[in-house]
Amino acid sequence: MTKPIYIHGSGSISIQPTHEPGYRFEAVKAYAQNPVPACDPDYKSLIPALQLRRMNKSMRMAIFASRLALQEAGKETVDAVITGTGLGCLSDSERFVETVLANEHELLNPTPFIQSTHNMAAAAIALSLGCKGYNMTYVNNASAFASALLDAGIYLAEHPDHTVLLGGVDELGARTPRFWELAGYLKHDNPVIPTPLAASSSPGEIAAEGASFFVASQQPTSQTLGKVIAGDTCYETADAVAFVNRFLRRYGLAAGDIDAVVLGYNGDIRYDAVYSTVGSTLFAALPHIGFKHIFGEYDTVAGAALHLALRLLGQQDIPQQLLLNGIRPRSLRRILIYTQRRGTNHGLILVEKEG
Amino acid sequence: MSELTQELKAKIITQLNLEDLTVDDLDDNTPLFGDGLGLDSIDALELIVMLDKGYGIKLADPKEGRKVFETIQTMADFIEANRK
């Protein structure tokens with residue numbers, strides 16, 4: 001990222017009531033199930049009923065979250081829409097494939113077919129805003145959101161006077177979680193939210209869904225929530241500490257230049273050691289903030305982490321439920337987000353308070 | 001015929017996800033497209049699939065659809081005249 005991008009509005013739908021105005025992550029919604037569907041806001045309050053009736057959950061969540069971000073930024077429209085999604089519109093993909101099988105390749109309903117593509121959420125947002133500009137969807141699993149963020153940085157470097165709507169969305173679908181179950185991805189032993197992390201001794205993750213969207217540009221305003229100053233992705237690494245170290249060196253930073261680190265612990269004993277190694281080796285003296293133990297796991301949950309980081313920069317406090325190591329920050333100006341999924345798709349986002 | 005129009009209304013509400021409507025809200029003679037119910041071209045495709053799946057009627061000529069899908073009543077009349 002050559003120049004910082006300033007975030008002026010942030011909207012999120014998740015398994016926590018993040019869509020509610022003024023939500024501060026102090027009261028965390030508890031669940032004892034796996035997978036966990038997102039909290040549904042009153043979609044009709046922001047999406048016309050005639051448009052809403054044909055939208056699957058991805059599209060509803062994406063459009064609603066993007067409307068929240070636009071409202072907060074005081075914007076009516078944008079110049080470009082850039083999204084990330086790991087698995088796209090799963091429910092319509094499932095319906096389409098099921099109809100193909102049930103009807104022996106005949107009499108296929110058009111709606112699930114049209115809406116089974118990964119870029120449907122970005123397209124629906126652009127249609128609802130009348131935005132005919134750059135429209136891109138990144139679909140590289142758990143790096144999809146970070147890739148969209150990096151592309152937003154490139155786009156804004158080339159179009160410094162433009163505004164971008166950037167986000168990530170993933171839905172659960174009805175049947176796909178059963179495949180995750182067969183693949184051994186899901187947690188069985190005590191599948192609860194908030195997921196206990198310190199005492200975690202079982203494999204598997206708590207699958208969830210959500211959408212987080214941001215209005216970004218290269219110009220700060222009086223309403224700017226924060227700025228993303230750097231980001232990076234890496235599909236695989238044998239040494240996550242070296243990956244994070246290289247990132248810090250590239251931006252001329254030491255661990256002490258950061259006030260808190262957001263780590264993607266999700267309670268899966270097979271992969272959480274990556275975070276404890278990075279946390280204890282590089283950031284032992286810093287507050288460690290968790291997010292997947294309250295949001296669950298999905299490919300674009302890094303978007304929810306960015307939403308959380310921006311809110312924490314605003315409120316200058318870390319709620320007890322999110323603080324993993326008991327270290328309180330001296331101040332909250334610079335937060336590093338580090339996440340990976342099942343040992344791959346490592347991503348870093350560095351966000352800083354503006355002004 | 002009244003039974004068929006009621007059945008069609010229920011099917012249209014389900015197939016097209018008209019979540020806010022009930023069978024009682026739909027009049028037999030309300031235009032389905034334009035200023036009436038406000039359906040669009042994707043809905044027209046859904047209705048063609050519904051005719052084929054539900055009543056065994058293939059609508060070969062798209063121009064025919066404009067008349068057939070004018071109202072619930074015109075759909076019911078067409079189904080009565082053509083169903084197998």
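The values are calculated or read from the model by the stated rules, or taken from the named source; none is laboratory data. Given the structure is predicted, the values throughout are model-derived calculations rather than measurements. Here the Cβ is made from the backbone with ideal geometry for all residues, glycine too, and neighbour counts use every protein chain on show. Areas reflect the complete protein model, heavy atoms only, side chains present, ligands, DNA and RNA absent. Shrake-Rupley method; radii C 1.70, N 1.55, O 1.52, S 1.80 Å.
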Inset, instruction - Count, for each residue of B:19-30, the Cβ atoms from other chains sitting within 10 Å of its Cβ, then give me the mean as a whole number. - result: 1
Inset, instruction - Quantify, in whole percent, the carbon and sulfur part of the accessible surface of region A:5-352 (1.4 Å probe; protein heavy atoms only). - result: 53
Legend entry - Computed over region A:4-65, Kirkwood Rh from alpha-carbon pairs, angstrom: 13.3
Legend entry - Average partner coverage of A:53-66, which counts Cβ from other chains inside 10 Å: 1
Inset, instruction - Give the percent of DSSP beta bridges with both residues in the protein assembly as shown that are antiparallel, rounded to the nearest 5. - result: 65
Legend entry - chain A: most fluctuating residue of A:242, A:183, A:305 per GNM, C-alpha cutoff 10 Å: A:183
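Students often check this: by mean Cβ neighbours within 10 Å, which of A:5-14, B:40-49, A:332-341 ranks highest, and how do the rest follow?
My ranking of the peptides, most packed first, is A:5-14, A:332-341, B:40-49.
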Legend entry - Pairwise label distance in nanometres, residue A:39 with residue B:20, each label 7 Å out on the Cα-Cβ vector: 2.5
Inset, instruction - Kindly sort A:59, A:120, A:1 by accessible area of their heavy atoms, largest first, with the probe set to 1.4 Å. - result: A:1, A:120, A:59
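So, for chain A, what is the accessible surface per residue at a probe of 1.4 Å, expressed in square angstrom?
Numbers: 13620 Å² over 355 residues.
Ligands and nucleic acids excluded, the figure is 38 Å² per residue.
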Legend entry - Gaussian network model of chain A, Cα within-10 Å springs - most flexible of A:84, A:22, A:296: A:22
Inset, instruction - Could you work out the local net charge near residue A:340, counting Lys and Arg as +1, Asp and Glu as -1, over the other residues with Cβ closer than 13 Å to its Cβ? - result: -4
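How well do other chains shield peptide A:106-115, expressed as the mean number of their Cβ atoms within 10 Å of each residue Cβ? Walk me through the numbers before you get to the answer.
Values: counts 3, 6, 2, 7, 8, 8, 0, 1, 2, 1.
For this peptide, the per-residue mean of nearby foreign Cβ atoms is 4.
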Legend entry - Accessible solvent surface per residue of region B:1-71, calculated while the other protein chains remain in place, 1.4 angstrom probe, Å²: 57
Inset, instruction - Note the buried accessible area between A and B here, summed over both chains, with a 1.4 Å probe, in Å² to the nearest 100. - result: 1300
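Going through the cross-link list A:57/B:58; A:75/A:227; B:9/B:67; A:44/A:187; A:132/B:9; A:44/B:63, which pairs have a Cα-Cα distance over 26 Å in this structure?
A:57/B:58; A:44/A:187; A:132/B:9; A:44/B:63
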Inset, instruction - Could you tell me which helices of chain B pass both thresholds, a Cα extent of 18 Å or more along their own axis and a mean Kyte-Doolittle hydropathy of at least -0.5, with helices taken as whole DSSP H runs? - result: B:2-15, B:41-55
Inset, instruction - Using only the Cα atoms of region A:34-148, construct the convex hull and provide its projected area averaged over every direction, in square nanometres to one decimal. - result: 8.7
Inset, instruction - Please name which of A:247, A:128, A:111 has its Cα lying farthest along the dipole of chain A towards the positive end, using unit charges on Cβ (Lys, Arg +1; Asp, Glu -1) and the Cα centre as origin. - result: A:247
Legend entry - Virtual paramagnetic centre 7 Å along Cα→Cβ of residue A:161, amide N under 15 Å, in region A:214-231: A:218-219
Inset, instruction - Compute the Rg/Rh shape ratio of region A:5-352: radius of gyration over Kirkwood radius, all on alpha-carbon atoms. - result: 0.95
Legend entry - Using a Förster distance of 45 Å, the FRET efficiency for residue A:127-residue A:241 (Cβ separation, nearest 0.05): 0.50
Legend entry - Relative packing of A:62-69, A:126-133, which averages over residues the other C-beta atoms within 10 Å, highest first: A:62-69, A:126-133
Legend entry - Estimated FRET transfer efficiency when R0 is 51 angstrom, pair residue A:277-residue A:51 (beta carbons, to 0.05): 0.65
Inset, instruction - Provide A:307, A:159 ordered by accessible surface of protein heavy atoms (probe 1.4 Å), highest first. - result: A:159, A:307
